[in-house]
Amino acid sequence: MADDLGFSQTGSAYAVTEADRAAIAAAIDTEELVKFALELGNIPSTSRREAQAAAFVYDWMEREGFSPWKVGATPSRPNVVGTYGGTGDGASLLFTAHLDTESPTYDPYLDSKALRPESLKNREWLECWLEDGVLRGYPIANDRGPMTCFLMAAKALKKAGYDLAGRLYLTACPGEIGPEPIEDWEGVEYLGKDIGANYLFHHGRVAPDYVIAAEGCDYGYTWIGCGYATFRIQVFGQSVFRPITKTPERTADHVSPIYRLGPLIEALHDWSLRYEAENRYDSPGGLSLPKATITSVQAGHPHAGGTEICSIYMSCDLNPRQTVNQVQRQLERVMRVQYGREFVVEPLVARHGYEANEAEVAPLISSVEHATQLTLGRPAGIASSVYSSMWRDHNVFNMQRIPAITTGFKRWRPSPQDFFDSTLIFALTSLAVCGRAENVESKKATSIYGSRENPFSDG
């Protein structure tokens, strides 16, 4: 990886010392961290409505001297990019996090079909606050808390006087959480992941050597990620005028496809159990446990009698070695055995999972491991399988052959100390990967391509 920069495959580019750690830690203000996280987190930024949060990040980057720009598929949903360093011949590191947060749609009709009234009233969907020593609210957890940490890590490096040889990219993206365009909700307005980090990579004026998707991982990391596919399974039958309907004794003999859904759902559930067991993927970069679940059922209209068509929507995670066509064939086999009548199985959404090359991602892993050791007094280690069994934006960059991981602090209810620790870890990682701009050549004697194994050793 990056031979022209002198990188080996086993370490980072700069030997971070205890003195570096102390200087950078002194430049981190925990009170400022919490204040910033709450200000950013309390900006409403549901899917498709990220503009205000993007403007907040842009303005902050501009005030702090990170020369930001915006790039987006639509003006109302921009990616925000800032940079620091890049004055020498070091490797570049890109941090990314998403501006949108999971929440109700706040469309009364749609939400009434999916959520209980008490769930809609949960203030943590849109609000963040400090209570009992922890920060609450979905925007903090996913994903503006980790975003706060890498933004403030760049500020701490600058404040402590550490210019970077390599370029540090700071990016805030829309659309990572957002639903995908499907059926009645199609078009650019409903784009999710296509306009976030994926759009950023192709059009955002970024060229990173390494990437960190900053999201809660309980301080672990993984360089693999699942994709997913959403299948629509349509089954067909007859719609008969009710007064002339001859009601059979068995639901399996009913002409309406609605009556035949029960056994079919059981068969799909049995298949999903086999799916999870057969597609377990255990690798050095993490464990993926793909799941398959029925997420929606639609049949007819309540105001208009019967129906000839029922649709079951099934979402399936895809480990980095699976392909969508393999899963489609499996579902079709289930349908042929169980249903044996007219049906159609087709993917409405398809995104494959990816993984980094273990050797190529090693310098980044080494940097994160030792930064965590210096900060927490313990190594980071591989994250829980839940974090390698979902889509995160490191997939975008591993797809493009750029070594990428996802890592970050405590996923739920982080404390102010977690914010401090994560900010320091991100700052030390950035210094280790990008290198210090001043007297960069002299550092080669004490870096990984010199005699020392530990890039964080003293001296």
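For this structure, a couple of remarks:
- Of the residues making up region 241-264, those that are open to solvent by 60 Å² or more (accessible area, probe 1.4 Å) and among the hydrophobic types (A, V, I, L, M, F, W, C) number 3.
- Checked against (1) at pLDDT 95 or above; (2) surrounded by 14 or more Cβ atoms within 10 Å (Cβ to Cβ); (3) over 21 Å from the mean Cα position of the chain (by Cα), residue 278 passes all but a single condition, namely (2).
- Whether a residue is at pLDDT below 95, touching a strand residue (DSSP E or B) at 6+ places or on another chain (Cβ under 8 Å) and more than 25 Å from residue 37 (Cβ to Cβ) was assessed, and residue 180 passes this test.
Let's see how each residue does on (1) modelled with pLDDT under 95; (2) surrounded by fewer than 21 Cβ atoms within 10 Å (Cβ to Cβ); (3) touching a Phe, Trp or Tyr at 6+ places or on another chain (Cβ under 8 Å):
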{"site": "382", "(1), (2), (3)": "no, yes, yes"}
{"site": "404", "(1), (2), (3)": "no, no, yes"}
{"site": "409", "(1), (2), (3)": "no, no, yes"}
{"site": "432", "(1), (2), (3)": "no, no, yes"}
{"site": "442", "(1), (2), (3)": "yes, yes, no"}
{"site": "448", "(1), (2), (3)": "yes, no, yes"}
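- Here is the figure for region 31-49: residues that are surrounded by fewer than 16 Cβ atoms within 10 Å (Cβ to Cβ) and under 16 Å from residue 150 (Cβ atoms) total 1.
- Condition broken by residue 270, with the remaining ones in (1) in contact (Cβ under 8 Å) with a residue 24 or more places away in the chain; (2) assigned to a helix (DSSP H, G or I); (3) open to solvent by 70 Å² or more (accessible area, probe 1.4 Å) satisfied: (1)
- Each residue in region 109-159 was checked for being over 23 Å from residue 58 (Cβ atoms) and of a type in the set (S, T, N, Q), and 3 of them qualify.
- Among the residues making up region 403-429, those that are over 16 Å from the mean Cα position of the chain (by Cα) and outside any helix (DSSP H, G or I) are 413, 414, 415.
- Selection within region 124-173 - aromatic (Phe, Trp, Tyr), more than 18 Å from residue 79 (Cα to Cα) and modelled with pLDDT of 95 or more: 129, 138, 162
- Being touching a strand residue (DSSP E or B) at 6+ places or on another chain (Cβ under 6 Å), of a type in the set (Gly, Ala, Ser) and modelled with pLDDT of 50 or more is true of residue 415.
- Single condition residue 208 does not satisfy, out of (1) within 15 Å of residue 397 (Cα to Cα); (2) open to solvent by 30 Å² or more (accessible area, probe 1.4 Å); (3) in contact with a Leu (Cβ under 8 Å, 6 or more places away or on another chain); (4) not hydrophobic (A, V, I, L, M, F, W, C): (2)
- Taken as a whole, the structure leaves residue 304 outside the set of residues that are more than 30 Å from residue 242 (Cβ to Cβ) and outside any helix (DSSP H, G or I).
- Unique residue being in contact (Cβ under 8 Å) with a residue 40 or more places away in the chain, of a type in the set (D, E, K, R), open to solvent by 60 Å² or more (accessible area, probe 1.4 Å) and touching a helix residue (DSSP H, G or I) at 6+ places or on another chain (Cβ under 8 Å) when the list is 308, 342, 360: 308
The values are calculated or read from the model by the stated rules, or taken from the named source; none is laboratory data. Everything numeric here is computed off the predicted structure, so don't read it as measured data. All Cβ positions, glycine included, derive from the backbone under ideal geometry; neighbour counts span all protein chains shown. The protein model used for the area step is the full one, side chains on, heavy atoms only, and it has no ligands, DNA or RNA in it. Shrake-Rupley method; radii C 1.70, N 1.55, O 1.52, S 1.80 Å.
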